[in-house]
Amino acid sequence: MKAGVLRYPVEIYNKEIITNSYGQEESNYVLSQRTKAGVYWDNQSSYKDGDTGINGLDMQYADNAIDILVRSYVDIHDDSRIKLQGKLYRIISWHRDLRYRDIYATIAEIKENTMT
């Protein structure tokens, strides 16, 4: 991994499930960490596993997907949200590259302004 690729500041939000005073479970996204990422705006990253869309939800994001690269210590999950340049993105797929200790993720913009 080339450290010069990590130029874009990103914020990683992870889902936290809490129980309210009535005993109901509520989910909320909380800021997990801030880090720098490499962004491939034209989907030309070195990692491609073929078709990233398994269900219909993922297939609609195939055209406007962005590939990002972060260090392996970043806490990313399937339901994480990523804030990049003021826009909120959901993770379509991600892959941990053990050789270079990186995480490659394909993300798509969320059109709503909510963290759901």
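What follows is calculated from the coordinates using simple rules that are stated; it is not laboratory data. None of the values given here were measured: they were computed from a predicted structure. We place every Cβ from the backbone using ideal geometry, glycine too, and count neighbours over all the protein chains shown.
Can you tell me which of 19-30, 3-14 comes out highest on packing, and rank the rest after it, using the mean Cβ neighbours within 10 Å?
Values: 19-30: 9.1, 3-14: 14.5.
Ranked by mean Cβ neighbours within 10 Å, highest first: 3-14, 19-30.
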### Query
Between ASN28 and ARG7, what is the label-to-label distance in nm when each label sits 7 Å out along the Cα-to-Cβ direction?
3.7 nm
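For every other residue with a beta carbon closer than 14 angstrom to the beta carbon of GLU25, add +1 if it is Lys or Arg and -1 if Asp or Glu, then tell me the sum. Each step should come with its number before you reach the end.
Values: positive: LYS15; negative: GLU16, GLU26.
Net charge in that neighbourhood comes out at -1.
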### Task
Just grab the label-to-label distance for ASP78 and ILE18, each label 7 Å out from Cα along the Cβ direction, in nm (one decimal).
2.6 nm
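Based on the Cβ-Cβ distance of LYS36 and ARG96, what FRET efficiency does E = 1/(1 + (r/R0)^6) give at R0 = 25 Å, to the nearest 0.05? Before the final figure, lay out the partial values.
Values: r = 18 Å, r/R0 = 0.71.
Efficiency, from the Cβ-Cβ distance: 0.90.
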### Task
Tell me the label-point distance for the pair ARG71, LYS111, using the 7 Å Cα-to-Cβ offset, in nm and rounded to one decimal.
3.7 nm
